[in-house]
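Here the structure is laid out as structure tokens; the discussion comes afterwards.
The values are calculated or read from the model by the stated rules, or taken from the named source; none is laboratory data. Keep in mind it's a predicted model, so treat the numbers as computed, not measured. Reconstructed Cβ throughout: ideal geometry from the backbone, glycine too, with neighbour counts over all protein chains shown.
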Amino acid sequence: MWNWKNLQALVPPPGAEVDFTACLDAFPSLKLAKTTPQDPVYHAEGDVWTHTQMVVRALLEDAHYMQITAQERETVFFAALLHDVAKCSTTVVGDDGRIAQPGHSRRGAVDARIALWEAGAPVLQREDICRLIAVHQVPFFAFAESRCGHSPEFIVRELSWQVDVHLLCMLARADIVGRICPDVEGVLVNIDLVREMAEEEGCLRTPRAFASAETAVRYFHGAQLHPDYALHEEWGSDVVLMCGLPASGKNTWVASHCADWPVVSFDDARAELGLRHGQNDGAVAHRAIDKAKGLLRDKRRFVWNATHLSRQMRGKSLDLCLDYGATVRLVHLEASKAELLARNSKRDTTLTNAALLGMLHKWEVPLPTEAHALELLVNHN
């Protein structure tokens with residue numbers, strides 16, 4: 001079993017070679033890349049592993065790679081090595097015979113998160129890696145005809161709150177150089193435009209400045225406003241929205257930091273209804289949401305204590321809070337695999353360790369753009 005210190009030794013200093021055999025040993029899922037095909041139009045070089053090696057080599061040849069810190073080299077190296085790790089599990093062949101891997105970036109971020117979590121990677125650096133993987137192709141299309149209706153300005157500002165745009169541009173450049181496909185130069189122009197806009201906006205290496213946290217939250221949730229002009233804030237509830245795997249220590253954290261706050265909890269609602277885990281989740285959600293709505297109407301502070309593991313599930317609770325004008329602080333808790341399973345085995349719960357580990361594939365750690373504040377904490381208690 002590889003630990004984080006062993007993984008760090010895989011990262012070559014400028015001018016050194018990569019030990020790809022050791023990389024495959026460290027991340028066994030990458031071995032599937034050797035037999036994972038790609039669309040020959042955009043990847044005439046062949047399988048995913050061939051492409052991955054070309055990307056990593058292109059990254060190491062980038063002049064910027066020689067200028068960044070050792071930790072930044074680790075971050076962008078692992079992002080490059082794992083950027084297509086989920087192509088093996090997302091490959092589809094259309095009726096026309098064309099190969100595609102829809103959603104591989106987002107799925108790859110989850111797969112990389114699990115592998116790096118098991119190796120004990122520092123949480124903040126791990127998330128830097130995973131966020132780069134999740135958006136590694138966005139610079140290809142930010143200045144092309146928009147696929148999602150957002151302007152290039154919005155895309156660059158949002159990226160700056162999620163990743164280091166300088167590292168992202170390095171990764172995207174390596175991704176397009178490390179393949180055989182048409183219009184490489186056109187894509188490189190788009191990547192350069194992303195870099196230039198980030199420099200103009202003052203957010204190449206730091207998040208784009210906003211007049212207030214409320215302005216930023218509303219902007220990233222779709223409000224038509226300018227970052228430099230503060231949005232009028234309506235007073236509402238202060239909400240702490242917990243998230244994290246079961247047994248990660250959420251209840252303990254709430255008891256220590258918000259002891260006198262009302263708590264909205266799906267687990268409490270389930271217990272009140274006399275239901276087992278996974279039984280009649282609709283009734284459980286209805287009971288918890290009704291309690292949250294009452295607290296929001298009264299503008300009372302409270303804790304929403306739930307796993308909120310995926311962005312989709314978290315978004316439902318966040319949207320409700322924001323609709324009532326609440327100020328939301330996201331607190332994400334986690335523990336090591338060994339600690340998590342040991343705690344869960346001792347809990348009075350119907351959730352088995354096997355079922356808990358199955359939840360990992362939905363584990364999307366919150367982004368700073370989701371709420372007014374975000375804390376990523378590791379619970380060692």
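Figures for the structure shown
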quantity: Which numbered condition Arg113 fails, given (1) under 22 Å from Ser336 (Cα atoms); (2) touching a strand residue (DSSP E or B) at 6+ places or on another chain (Cβ under 7 Å); calculated: (2)
quantity: Residues of the range 189-212 satisfying the condition of being of a type in the set (Gly, Ala, Ser) and either within 20 Å of the chain's Cα centre (by Cα) or surrounded by fewer than 14 Cβ atoms within 10 Å (Cβ to Cβ) (or both); calculated: Gly202, Ala209
quantity: Flag for Val165 being over 22 Å from the mean Cα position of the chain (by Cα), on the phi < 0 side of the Ramachandran plot and in contact (Cβ under 8 Å) with a residue 24 or more places away in the chain; calculated: no
quantity: Selected residue (criterion: nearest to Arg126 (Cα to Cα)) from residues of the range 324-340 that are in contact (Cβ under 8 Å) with a residue 12 or more places away in the chain and assigned to a helix (DSSP H, G or I); calculated: Lys337
quantity: Which listed residue, of His43, His51, is touching a strand residue (DSSP E or B) at 6+ places or on another chain (Cβ under 9 Å) and surrounded by 15 or more Cβ atoms within 10 Å (Cβ to Cβ); calculated: His43
quantity: Residue in the range 52-108 that is nearest to Leu124 (Cα to Cα), counting only those that are in a loop (DSSP other than H, G, I, E, B) and among the charged types (D, E, K, R); calculated: Asp84
quantity: Condition met for Val41 (assigned by TED's automatic domain parsing to the domain that holds Phe78 and in a loop (DSSP other than H, G, I, E, B)); calculated: yes
quantity: Among the candidates Pro139, Pro102, residue that is touching a strand residue (DSSP E or B) at 6+ places or on another chain (Cβ under 9 Å) and not charged (D, E, K, R); calculated: Pro102
